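A.B. asks: Structure below; questions to follow.
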Amino acid sequence: MPQTRHPCVSLLLICSFLSICLIPSVFSEKDEDPTIKTMHQFSGYQTSEPESCFSDSLSSLSVDAESLQKQIDELATFSDSPPPSVTRVLYTDKDVAARRYIKNLMGLSGLSVREDAVGNIFGQWEGHEPELGAVATGSHIDAIPYSGKYDGVVGVLGAIEAINVLKRAGFKPKRSLEVIMFTSEEPTRFGISCLGSRLMAGSESLEKALKNIFDSQNVSFLDAARSAGYALDQDDFSSVFLKSGAYSGFVELHIEQGPLLEAEGIPIGVVTAIAAPASIKVDFEGEGGHAGAVLMPNRNDAGLAAAELALAVEKHVLASGSIDTVGTVGILDLHPRAVNSIPSKAHLEIGTSCLPSFPTPFLFLAILVSPEWWSKQEKGKETAFSWRFFWGIIGAMEDASRELNLKYKLMVSRAYHDSLFMARVSPMGMIFIPCYKGYSHKPEEHATKEDMANGVKVLALALAKLSLS
């Protein structure tokens, strides 16, 4: 019998997932218009003139869209690739410079700035009841190679502008408001997405893994962090873990990274669920040889085995029947990478995300590889999440949109964000704004000043409501 191309054992890999559900709030004070109540309190004091207070406060929500766009453009210059692309990788010189830029803007907005051991940056506006759990907002500024300048950045610079909006309106927070710039939402350098927010959420497995993780240049996470000015006197990152009750709520402003809002002409998306991610790494070993001399029936080609698995990912995701279930083979490496040599080794990495619209709670992938060939090194990745219900957060975002006369759409996020991990420590929500053709992670990524201003207004008003709750 001719030798088969590769030993083949079909495995069913269960991709666990969980979606985060947000449920509309129910106001207990039915006899009082919640809009007027909020605006009564908007200046920090009660008033006997509800109508004038409402209109005056609402008209004072003024976003400096020109300044926001200028800041986005300036931040994009901190890049290791030429414009219009942006490349800003964790702990590189450009990343460190961008961090200084963010801290300076926080300081100019009157926020009290601090950083933790891995470089999560916090800017706090203290409320008049600081002992209460704070209300937080924020996102990330790291950028994968040759990407755009809006992903994450709108949620950081927009959050700082939202604070400025509230200050210009004379708002006085009850709960403290806090802007967070999360470290390394992208997995570019160390293969770990949402690194900062995972740690904040108390991931002990990640905290341990960081002590023995290296990048593609064999630089350890500890050395990289220290080169950027972090973790200087410690290798224990448990200090990053948030204390229970630190936050009473978290809201993230973000471009949609999809085409729906722009296509439907809707300025605001209120996120009701976030797809939970899972990732696996697979290694194949075959037999190398001369590409011209070894006959096809006698080959054991690791590259072809990897290719069949990549096609199996597509097949099984499409067979799920769920538009919200996706799978991607984002990395595929062959050894020895020579056109006249049969690949003796292949490595690929698969990313999936799932939502409840999938008819069963699992995504099955046919894995054409023996168990002993499956790389079990996951570098601290996690795929299990806790269910949480968010009474009040989605209501605040919906109410803010209505009060600002902005049409909104309830929708899901097919990409995951730092919000997914913040859900472990507090109720959370997300506000989406349209982006050009749904483009993201590419230089053509774009959001208009008008859409960003609308998102900042909704964020500001939602933060005000949650601060006064």
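Bear in mind these aren't lab numbers, they're just calculated from the coordinates by the rules spelled out. Because the structure is a prediction, the values reported are computed rather than measured. Methodologically, a virtual Cβ is constructed for each residue, glycine included, from the backbone with ideal geometry; neighbour enumeration extends over all protein chains shown.
A.B. asks: By a straight-distance test (C-alpha under 13 Å), which aspartates and glutamates pair with Lys149 as possible cross-link partners, with residues fewer than eight away in the same chain excluded?
C.D. replies: Asp73, Glu74, Asp80, Glu444, Glu445
A.B. asks: Rounded if a/c is under 1.5, else prolate if a/b beats b/c, else oblate: with a ≥ b ≥ c from the C-alpha gyration tensor eigenvalues square-rooted, which is the range 164-225? It would help to have the intermediate numbers written out before the result.
C.D. replies: Values: a/c = 4.10, a/b = 2.58, b/c = 1.59.
Here the range 164-225 falls in the prolate category.
A.B. asks: Label the range 190-338 by shape, choosing from rounded, prolate and oblate, from the square roots a ≥ b ≥ c of the eigenvalues of the Cα gyration tensor; if a/c is under 1.5 it is rounded, and otherwise prolate applies when a/b is larger than b/c, oblate when it is not. Could you put the intermediate results ahead of the total?
C.D. replies: Numbers: a/c = 2.80, a/b = 1.31, b/c = 2.14.
Since a/c reaches 1.5 but b/c is at least a/b, the shape of the range 190-338 is classed as oblate.
A.B. asks: Pairs of alpha-carbon atoms within less than 8 angstrom and 6+ residues apart define the contacts here; what relative contact order does the range 69-146 have, in percent? Mind showing how you got there, number by number?
C.D. replies: Numbers: 72 pairs, mean separation 25.8, N = 78.
Reported as a whole number, the value is 33 percent.
A.B. asks: When a/c reaches 1.5 or more, the comparison of a/b and b/c decides; with that in mind, is the range 143-263 rounded, prolate or oblate per its Cα gyration tensor?
C.D. replies: Numbers: a/c = 2.23, a/b = 1.39, b/c = 1.60.
Note, shape of the range 143-263 comes out oblate.
A.B. asks: Please work out the Cα center distance from the range 279-303 to the range 233-251, rounded to the nearest Å.
C.D. replies: 47
A.B. asks: In nm, to one decimal, how far is the Asp73 label point from the Phe214 one, both placed 7 Å along Cα→Cβ?
C.D. replies: Here the answer is 4.4 nm between the modelled labels.
A.B. asks: Using mean Cβ contacts within 10 Å as the protection proxy, how do 144-157, 392-405, 220-233 order, highest first?
C.D. replies: Highest-to-lowest ranking by the protection proxy: 144-157, 392-405, 220-233.
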